[in-house]
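The values are calculated or read from the model by the stated rules, or taken from the named source; none is laboratory data. Remember, it's a predicted structure, so these values are computed and weren't measured experimentally. So basically every Cβ, Gly included, is an ideal-geometry build from the backbone, and we count neighbours across all protein chains shown. Heavy atoms of the whole protein, side chains included, go into the accessibility calculation; ligands, DNA and RNA do not. Shrake-Rupley method; radii C 1.70, N 1.55, O 1.52, S 1.80 Å.
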Amino acid sequence: MKATPAASVFACIILVLFMSPGAYSQQHDTAEISRVHFSGLPVVYYTPETKLAFGGLGIITFANPHYRQRYPSQVQLGVAYTTNQQLLFYVPFRIYLAKDLFTAYGELGYYKYSYFFYGIGNTQPVDYKELYKVNYPRVRVNGLIRVTPFVYAGIRYWYENFNIVQTEPGKELATDPTITGARGGITSGMGPVVNIDSRDNLFSPSHGWFGEAAVQRYDRSLGSDFEYSRYSADLSHYFAVTKKTVLAANIFFDAVSGNAPFNQLALLGGNKKMRGYYEGRYRDKDMLVTGVEYRFPIWWRFGAVVFANGGGVADHLSAVWRSFRTSGGAGLRYLLNKKDKVNIRLDAAFGQHSSGYYFTIGEAF
């Protein structure tokens with residue numbers, strides 16, 4: 001069977017994955033089984049998708065004291081309310097067990113959210129957008145086993161019950177019957193996932209690789225209302241330019257084939273991929289995005305970054321280059337947690353007829 005361009009790029013990034021080199025807290029001891037740290041802090045952040053958001057975040061971090069873990073296990077519990085009248089309840093987690101032989105990560109959540117829909121593809125007028133509101137639970141679970149010191153392989157399962165509760169009368173989602181998923185529905189899919197991780201730090205690496213590649217099949221046998229496949233690959237490399245400066249590079253590929261709903265298409269934009277564009281400003285079946293970021297200290301706990309991104313979406317990978325877009329910007333960093341190197345980031349990013357400001361925790365990649 002002849003490989004499609006999308007499948008070829010996916011295969012190439014898979015190959016690179018395998019060839020690449022490898023706040024305040026209170027401590028409680030638990031019968032010499034693990035070191036457990038409980039932390040809690042208020043949360044305030046800003047993105048174009050949420051506007052101002054505020055809430056709270058609880059973090060449980062634990063590690064076995066009898067052997068050296070590369071990273072501690074962590075479970076978070078977050079609740080946030082935004083000035084867009086959105087409610088977010090989320091539990092992201094990453095757990096290492098059996099001397100790091102097994103890892104599980106993902107997210108459980110419930111969202112009362114509102115989005116802007118700009119249409120599918122690249123031909124919509126620059127000023128077109130429509131508001132729609134949704135309620136949905138989300139389950140994203142990955143379970144992997146270590147197969148080499150830096151490579152894990154396993155199974156991914158994703159579920160959402162996307163309940164659209166409001167659309168704008170006369171706009172596309174309310175009137176166009178050709179938009180798959182315009183009335184909402186369940187997506188439920190699973191498949192293999194592979195990780196490579198040789199980073200020296202989980203939150204702000206100065207050298208090493210991180211990569212993730214996955215294939216998922218969404219099918220009625222799994223309870224999905226839609227039948228389609230998703231192929232994704234995410235690869236980052238970190239270079240220590242000097243003792244205190246880092247150059248980070250990222251490439252991200254996402255593609256769907258089959259009858260995918262509009263909310264499950266590849267989405268360009270957001271606070272991680274192609275900053276400067278609203279998440280979903282452009283969406284289609286295939287997407288390829290690249291980014292580079294230079295990180296350097298300023299004074300005390302403050303640092304700064306400059307970054308540039310390029311990428312696009314299309315209904316075929318070969319057409320992505322005809323809709324290629326760029327963005328760039330700069331940001332400030334404040335080192336919130338010196339031990340784990342967790343940063344608060346404030347970014348200003350500018351694209352074509354678009355801009356975005358982001359105030360949140362953690363690096364973009």
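Here are some notes:
- Dividing the summed helix terms, -39500 (n - 2.57) for each DSSP H run of n ≥ 4, by the number of residues in the chain produces a 222 nm estimate of -1500 deg cm²/dmol to the nearest 500.
- In percent, rounded to a whole number, the relative contact order of the stretch 299-365 is 26, using alpha-carbon pairs under 8 Å and six or more apart.
- Solvent exposure, largest accessible area first (probe 1.4 Å, DNA, RNA and ligands not counted), of Arg275, Arg140, Arg199: Arg140, Arg199, Arg275
- Inter-label distance, Arg140 to Glu227: 2.7 nm, where each label sits 7 Å from its Cα along the C-beta direction.
- Anisotropy class of the stretch 234-283 from Cα gyration tensor, a/c 1.5 cut: oblate
- Set Lys243/Lys285; Lys272/Lys341; Lys112/Lys338; Lys129/Lys272 screened for pairs whose C-alpha atoms are more than 30 Å apart: Lys243/Lys285; Lys112/Lys338
- Close amide H partners of Tyr277, meaning residues 5 or more places away or on another chain with modelled amide H under 5 Å apart, are Gly270.
- Database remark: amide H of Phe226 closer than 5 angstrom to the amide H of Ser188 (H placed geometrically; neighbours at sequence offset of 5 or more, or on other chains; Pro and chain starts carry no H).
- Asn163 versus Tyr81: modelled label distance in nm, points set 7 Å from Cα along the beta carbon direction: 2.0 nm
- Solvent-accessible surface of the chain, averaged per residue with a 1.4 angstrom probe and all protein chains in place: 48 square angstrom.
- Size descriptors for the chain (Cα atoms only): Rg and Dmax, in that order, 20.5, 63 Å.
- Separation of the Arg94 and Phe239 label points, Cα + 7 Å toward Cβ, nm: 2.4 nm
- Loop-located trypsin sites (Lys or Arg not before Pro) in the stretch 294-365 (DSSP state other than H, G, I, E, B) with a sparse environment of at most 12 neighbouring Cβ atoms within 10 Å: Lys338, Lys339.
- Taking only protein heavy atoms and a 1.4 Å probe, the accessible area of the chain is 63% carbon and sulfur.
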